[in-house]
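Structure, as structure tokens:
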Amino acid sequence: MKRHLASLAVVAALAMSSAITTPVIAGPGVTTTWTYYSDDTYTQEVGWRQFTCQGRTIKSGIQTQYVVTTAEDFC
């Protein structure tokens with residue numbers, strides 16, 4: 001029983017930490033675009049990903065740690 005409760009506590013803690021650190025911008029009524037850059041100067045775009053109002057994800061290029069997120073259209 002104690003082991004089961006400990007496992008549940010770990011799962012709950014992980015779920016809460018990911019919920020806190022992950023911003024939720026995309027969703028019904030909003031088109032969100034992530035633009036990826038080659039380095040921390042943010043001058044050379046190397047890829048992008050978009051979550052559309054219809055719930056589709058479209059992407060091109062590569063994803064890096066250097067990203068800018070924008071909510072573009074309210075549908």
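Taken together, the values in this text are just the output of simple stated rules run on the coordinates, not laboratory data. None of the values given here were measured: they were computed from a predicted structure. When we count neighbours, we look across all protein chains shown, and the Cβ atoms used for this are built from the backbone with ideal geometry, even at glycine.
Worth pointing out:
- Calculated translational diffusion coefficient of the stretch 24-75 (10 °C, 1.306 mPa s; Stokes-Einstein with Kirkwood radius over alpha-carbon pairs) equals 142 µm²/s.
- Multiplying the residue separation of GLN63 and GLN44 by 0.36 nm and subtracting their alpha-carbon distance yields 5.6 nm.
- Placing +1 on the Cβ of every Lys and Arg and -1 on the Cβ of every Asp and Glu, with nothing else charged, gives the stretch 24-75 a dipole about its Cα centre of roughly 260 debye.
- Of the peptides 47-58, 29-40, the order by per-residue mean of other Cβ atoms within 10 Å, starting with the highest, comes out as 29-40, 47-58.
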